[in-house]
1. Please give the Cα centre distance for the stretch 222-251 versus the stretch 370-399, rounded to the nearest Å.
2. Please give the charge dipole size of the stretch 384-442, origin at the Cα centre, charges +1 on K and R Cβ atoms and -1 on D and E Cβ atoms. Round to the nearest 20 debye.
3. Ratio to report: Rg/Rh of the stretch 81-187, with Cα atoms as the point set and Rh obtained by the Kirkwood method; give two decimals.
4. Under the classification rounded if a/c is under 1.5, otherwise prolate if a/b is larger than b/c and oblate if not, where does the stretch 314-465 fall, given a ≥ b ≥ c as square roots of the Cα gyration tensor eigenvalues?
5. What ranking do Thr469, Thr1 get, fewest neighbouring Cβ atoms within 10 angstrom at the top?
6. What does the charge count near Thr106 come to, summing +1 for each Lys or Arg and -1 for each Asp or Glu among other residues with Cβ under 11 Å from its Cβ?
7. Need one number: nm distance between label points at Asn292 and Thr185, each 7 Å from Cα along Cα→Cβ, rounded to one decimal.
8. Restricting the calculation to Cα positions, tell me the Rg (one decimal) and the Dmax (whole number) of the stretch 1-153 in Å.
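Every read-out reported here was derived from the displayed coordinates using simple, explicitly stated rules and does not represent laboratory data. This one's a predicted model, so the numbers in the text were calculated from it and none came from an experiment. When we count neighbours, we look across all protein chains shown, and the Cβ atoms used for this are built from the backbone with ideal geometry, even at glycine.
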Amino acid sequence: TDLRALVAIDLGAESCRVSLMRWTGLGPRIELVHRFPNGASETADGLHWNLERIMVGLDLGLRKAAQIATEGIRSIAIDGWGVDYVRLGADGKPVAEPFCYRDERTVVAEHTLNARLSPERMREITGIGILRINTAYQLFADSAELRALPWLNLPEYILYALGGRPVSERTLASHTQMLSMPTPTSHGEWSEEIVRELDVPASAMPELVDPGTDVGQLTGPLAELPAFANTRLIAPCTHDTASAIAAIPDAADDWAYISSGTWSLVGALLLEPNNAARAREENFTNLIGADNTICFHKNVNGMWLLRQCMETWAAEGATIEIGALVEAAAQASVPAYVLDVDDPDLLLSGRMPQRINAQLHRRNLPELSTHPDDAPAMAAFLFQSLAARYGVVLRSVQEITGKTFRKLYIMGGGSQNQLLNRLTAEATGLEVIRAGTECSTLGNFAVQLSTLEPKAATETRPSARWAATLRDMGAIS
Ligand code: LFR
């Protein structure tokens with residue numbers, strides 16, 4: 001047996017993490033070795049991620065991992081938020097900083113593309129939620145010159161930059177709005193019809209691979225470190241949400257999930273897509289998950305609302321700590337009405353307290369104080385509104401899928417918010433189970449292990465079995 005360590009990289013809109021899993025005398029142990037902040041910033045030509053800063057942070061994290069894991073590192077796998085991408089020039093290097101999906105350039109692209117190919121048709125082909133943020137609209141927003149260049153989603157780009165071959169792993173590929181819906185005989189392929197309407201040449205489309213694919217060996221300066229001799233690069237579920245769901249160790253059929261971070265992804269795991277009329281009308285998505293599953297959910301707004309308020313308050317000189325704010329919010333009184341958290345305006349960045357009030361004003365409802373001193377009341381209002389929305393969405397999921405839920409797994413950073421958890425339990429009537437804050441990392445390791453150390457072929461969700469094994473053996477502290 002190979003007892004070298006594994007590395008999982010999880011890219012988040014707020015922070016990126018490098019974690020190590022080592023086999024110790026006590027069993028497998030996962031430790032976070034490096035974490036650095038991330039965020040998009042407004043430049044003259046739009047809202048961008050700073051790719052260079054991410055690469056430097058990852059390089060540092062990988063060096064720390066190599067220093068700790070003297071036994072060597074067997075593989076590295078990367079997952080991250082969906083839909084964003086880089087274009088590669090002839091030299092294989094990115095031609096520009098990647099856009100952030102919240103950039104408003106896709107407002108026009110959405111209209112133009114939808115006029116060429118109706119959203120109904122794209123929905124029929126892909127089975128996924130039609131969202132302006134999806135890669136298809138972003139690729140379409142690029143100039144004709146750029147559209148001819150190959151592109152890679154960010155996690156896959158990083159695997160490529162580390163020495164892997166350029167691929168598109170299906171969990172994230174399904175979020176592009178260009179992949180055909182999987183069927184019993186196909187895992188999903190690029191839709192020629194959609195790709196054609198996007199004016200993207202087939203040569204610009206990456207090779208599709210399934211979760212858990214070895215894409216090559218680490219090369220370059222890092223590979224000179226002794227720990228990185230013969231280190232494999234693995235595409236896990238490159239979509240962070242699919243990774244997080246892969247880490248839910250429950251074999252029953254009575255649970256729903258909320259992956260709670262910048263977004264709240266609210267839904268249930270299915271064995272095949274559900275593209276019924278009501279799923280289409282309510283714009284539920286059928287994204288590909290680990291082990292041939294389908295993540296059937298809706299993007300609901302999330303911690304973004306509060307984080308953006310906090311940025312506005314910070315700009316006014318009030319630095320508020322989130323833990324204290326949640327505690328104070330539990331004592332605050334809240335109005336009898338809720339915010340429409342999925343108002344498109346609230347997905348944009350900046351002036352969040354004012355955007356919130358603008359909606360209330362439009363709806364003839366009393367506005368809230370935007371003053372930092374009243375942050376607890378604003379926070380309580382946001383949590384109550386999110387929980388109410390979760391309740392509505394989960395009732396729809398039950399009606400559409402015919403499932404009956406008893407349990408609700410909440411994973412991600414938002415699962416630490418006890419007030420929101422309580423409000424969510426009340427609004428959904430379900431037993432809330434906190435599945436941990438680092439579920440994407442756990443799922444990333446689980447998919448690596450199910451690739452490197454396959455369990456019996458009879459397992460229905462081998463990755464979830466691995467996640468359960470890691471939890472049972474106390475790998476996460
Ligand atoms: C969560 C997530 C969601 C995706 C959103 C946008 O981090 O990956 O699944 O819809 O980010 O990229």
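1. Using only Cα atoms, the two centres lie 33 Å from each other.
2. Here the size comes out at about 100 debye.
3. 0.97
4. It comes out prolate by the Cα gyration axes.
5. Least to most surrounded, the residues fall as Thr1, Thr469.
6. Spelling it out: positives minus negatives among the neighbours equals -1.
7. 1.5 nm
8. 19.1, 61
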